[in-house]
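Inspection log for the structure reproduced underneath, given as structure tokens.
The values are calculated or read from the model by the stated rules, or taken from the named source; none is laboratory data. Owing to the predicted nature of the structure, the values given are computational and were not obtained by experimental measurement. With ideal geometry, Cβ positions are generated from the backbone for all residues, glycine too; neighbour counts draw on all protein chains shown. Protein only, heavy atoms only, side chains kept; ligands, DNA and RNA dropped before computing areas. Shrake-Rupley method; radii C 1.70, N 1.55, O 1.52, S 1.80 Å.
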Amino acid sequence: MSTLDYNYTSHDVDSFEASLQEAELICSEYCLDNAAYWISIRNISAYKHSEAFQPLSLYQTQYELSLPRLNRQEYSHYQLAKKAFHLRDFTHAYSLLKGYTTHKLRFLRLYSLYLMGERDRAEEMNDILGKCENPLAPNNFLLEIVDELSESDTKSELDAFSLYLYGVALLRRKQLFTAAQVLIRSVKKYPYNWSAWLELGMLLQDQTMYDQLSRLLHDQMKGNMMKNFFLAHVAIRLRLPRCVLNDAMAPLLPYFAKSPYLMTLNALAFYENKDYTQSRALFEAIRKHYPTRIKGLEIYSNLLYIQKDIQELSVLAMYCVKVDRFRPETCCILEFDQSIEWFKRALQLDRSFHWIWALLGHNYINIKNIDAAIECYHRAIKGDGADYRTCHALGQAYQLKNLDSVAVEPYERAVKIKSDDAEVWTSLMECHNILGNMEKRKHCLMMIRQCKEPEGPMAIVELARLYDKMGDIEEATQHYMKAHEHLEFEDAFAETCLYLANTFIAQKDFITAQKYITNASVLSYPYHETAQKLLKRMDSGQ
């Protein structure tokens with residue numbers, strides 16, 4: 001039985017709903033806008049959301065009532081500092097709250113100081129891959145923040161939000177174990193700060209760590225649904241098996257089935273498993289129900305690119321430009337000649353968007369700037385060590401420079417993350433073949449044959465290509481035949497028909513070959529012409 005095999009009661013759900021309503025106010029009060037926005041999206045799709053309810057005021061919330069009341073001077077300074085903070089005048093917000101140690105005022109003062117450091121750091125890193133870029137630029141205020149919060153923590157003076165900021169500062173200073181302890185304390189004290197959960201998730205690197213934390217959360221936060229949202233998020237980030245994601249999501253679906261967040265997680269899970277048909281259907285449903293939601297569409301655009309649906313990709317790009325051309329996701333989707341500059345612009349908007357580094361690397365590969373591509377892939381992996389696709393791309397980039405021995409490490413890292421991906425095993429096998437490591441080549445071949453059958457016709461076509469590349473014509477033919485009846489896209493359908501026609505002509509099975517030639521002959525240029533040439537070849541008996 002899974003550690004998350006827990007059925008929430010109606011009391012748990014009602015309590016969670018009430019807590020979410022409070023959390024939206026509280027996170028906004030603490031200027032944690034991303035957390036408040038995440039909660040607002042949850043509230044839209046919440047259980048019984050259509051029923052009438054009495055809106056709360058901040059000062060009726062349990063969390064606010066648990067804190068000491070502010071005096072008039074503290075209240076006035078805090079309100080002005082909040083206004084300055086939302087205008088991104090972090091220096092003014094910090095100076096307004098200097099000397100105050102009340103929970104909220106200390107948090108906003110140090111949070112403003114932290115963002116001052118991040119702003120200065122971003123300026124040093126702004127020249128993406130340029131001469132003036134300093135990718136190792138530090139936040140010069142981290143030590144000051146850690147010192148003050150550490151001293152207050154020894155006196156048990158920190159609330160959940162100050163613990164969150166303390167954990168963030170420790171994490172940025174690479175004090176990972178202490179950061180994990182502090183962030184767990186923060187989410188236990190106040191479970192509804194999504195920003196704290198996200199920072200905690202960045203500390204998990206593999207399924208062993210995931211399982212350990214899931215057991216801890218199950219024991220200590222049994223009736224709280226936030227842990228399920230968190231574990232579902234981490235399961236996707238770490239590319240864990242689908243059953244792990246299902247365990248985390250199953251208790252949530254009866255109440256949040258239409259949540260755009262959970263729908264996006266499901267779409268990403270299908271994408272990672274190469275079931276592009278199911279993934280596409282979910283992304284299209286998200287666009288239908290939430291037409292101005294852009295988050296996640298950079299993955300959808302890559303899916304369309306894989307399926308070679310250029311027309312729909314162009315429609316998506318125009319749609320995203322209309323909604324918000326300055327979102328990093330939009331910059332990823334735009335396909336112009338100057339796409340490298342668009343990816344750099346996306347990084348300037350959000351340097352934590354690690355997916356962009358991988359896309360930028362792909363673009364450098366296209367223009368034959370392999371060294372720049374390798375640097376981009378390294379930065380992508382540094383931000384998201386569980387991205388097996390980028391590890392695979394890094395290995396391929398090294399091979400383009402004939403550094404086959406160096407390529408082995410990222411390939412091995414990729415298969416460790418995604419052991420059932422035949423494409424990555426094939427790349428590693430070819431690498432060992434070049435290096436003369438025959439025993440390791442045999443092991444890779446054995447692992448390829450053990451890989452599970454992919455879901456969806458496009459994934460089966462990919463596997464057919466791999467078998468053809470390996471010289472296993474029989475397996476390639478079987479997989480192309482399996483995909484043939486279910487393909488919806490002309491390019492893949494044409495590839496399948498023409499491959500099978502060539503194969504059966506070579507085997508002198510002209511009746512079967514005729515069937516596939518006929519299917520290809522009704523397609524557009526150049527497939528129709530290729531089919532006609534095959535027909536002439538067959539008629540001549542060659």
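Being over 15 Å from residue 389 (Cβ atoms) and either of a type in the set (D, E, K, R) or surrounded by 15 or more Cβ atoms within 10 Å (Cβ to Cβ) (or both) is the filter here, so list the residues in the stretch 299-313 that pass it.
Within the stretch 299-313, 300, 304, 307, 308, 309, 312, 313 meet the criteria.
Which of the residues spanning the stretch 11-62 are small (Gly, Ala, Ser), at pLDDT below 80 and more than 28 Å from the chain's Cα centre (by Cα)?
Listed by number, the residues that qualify are 50, 52, 57.
Taking the stretch 128-151 as the region of interest, how many residues are assigned to a helix (DSSP H, G or I) and open to solvent by less than 10 Å² (accessible area, probe 1.4 Å)?
Final tally of qualifying residues: 2.
Give the stretch 314-347 a look and list any residue that's open to solvent by less than 20 Å² (accessible area, probe 1.4 Å), within 22 Å of residue 278 (Cβ to Cβ) and at pLDDT 85 or above, or say none.
316
Which condition number does residue 361 fail, the rest of (1) buried (at least 24 other Cβ atoms within 10 Å of the Cβ); (2) more than 21 Å from residue 297 (Cα to Cα) being met?
(2)
Please list, ordered by first then second residue, the pairs with beta carbon atoms under 6 Å, 6 or more apart or interchain, first in the stretch 516-535 and more than 12 Å from residue 490 (Cα to Cα), second at pLDDT 85 or above and among the small types (Gly, Ala, Ser).
Note: pairs meeting the criteria are 516/501; 517/501; 534/501.
Among (1) modelled with pLDDT of 95 or more; (2) out of contact with any Cys (no Cβ under 8 Å at 6 or more places or on another chain), there is one condition residue 111 misses while meeting the rest; what is its number?
For residue 111, the failing item is (2).
Taking residue 433, is it open to solvent by 50 Å² or more (accessible area, probe 1.4 Å) and either in contact with a Phe, Trp or Tyr (Cβ under 9 Å, 6 or more places away or on another chain) or assigned to a helix (DSSP H, G or I) (or both)? Step through it out loud before you land on a result.
Values: open to solvent by 50 Å² or more (accessible area, probe 1.4 Å): yes; either in contact with a Phe, Trp or Tyr (Cβ under 9 Å, 6 or more places away or on another chain) or assigned to a helix (DSSP H, G or I) (or both): yes.
Criteria met by residue 433.
Which condition breaks for residue 156 when tested against (1) part of a helix (DSSP H, G or I); (2) among the hydroxyl-bearing types (Ser, Thr, Tyr); (3) more than 22 Å from residue 77 (Cα to Cα)?
(1)
Look at the stretch 187-243 and say how many of its residues are under 16 Å from residue 268 (Cβ atoms) and either over 20 Å from the mean Cα position of the chain (by Cα) or part of a loop (DSSP other than H, G, I, E, B) (or both).
Residues in the stretch 187-243 being under 16 Å from residue 268 (Cβ atoms) and either over 20 Å from the mean Cα position of the chain (by Cα) or part of a loop (DSSP other than H, G, I, E, B) (or both): 4 in total.
For the stretch 493-542, which positions are under 22 Å from residue 461 (Cα atoms), open to solvent by 80 Å² or more (accessible area, probe 1.4 Å) and either touching a strand residue (DSSP E or B) at 6+ places or on another chain (Cβ under 9 Å) or not aromatic (Phe, Trp, Tyr) (or both)?
Residues satisfying the conditions are 507, 515, 522.
What number of residues in the stretch 369-388 are open to solvent by 30 Å² or more (accessible area, probe 1.4 Å) and modelled with pLDDT of 90 or more? Reasoning before the result, please.
Going residue by residue through the stretch 369-388, those that are open to solvent by 30 Å² or more (accessible area, probe 1.4 Å) are 369, 371, 375, 378-379, 382.
With modelled with pLDDT of 90 or more added as a condition, the list becomes 369, 371, 375, 378-379.
Here the count works out to 5.
Which one is farthest from residue 234 (Cα to Cα), of the residues in the stretch 359-395 that are basic (Lys, Arg) and in a helix (DSSP H, G or I)?
Per the criteria, the residue is 379.
Mind checking whether some residue in the stretch 436-444 is in contact (Cβ under 8 Å) with a residue 24 or more places away in the chain and surrounded by fewer than 21 Cβ atoms within 10 Å (Cβ to Cβ)? Give the steps one after another, and end with the answer.
Let us first name the residues in the stretch 436-444 that are in contact (Cβ under 8 Å) with a residue 24 or more places away in the chain, namely none.
No; the residues of the stretch 436-444 include none that is in contact (Cβ under 8 Å) with a residue 24 or more places away in the chain and surrounded by fewer than 21 Cβ atoms within 10 Å (Cβ to Cβ).
From the list 262, 240, pick out the single residue that is modelled with pLDDT of 85 or more, over 26 Å from residue 343 (Cα atoms) and touching a Phe, Trp or Tyr at 6+ places or on another chain (Cβ under 6 Å). So that I can check it myself, show each step before the final result.
Numbers: 240 fails: touching a Phe, Trp or Tyr at 6+ places or on another chain (Cβ under 6 Å).
On inspection, the qualifying residue turns out to be 262.
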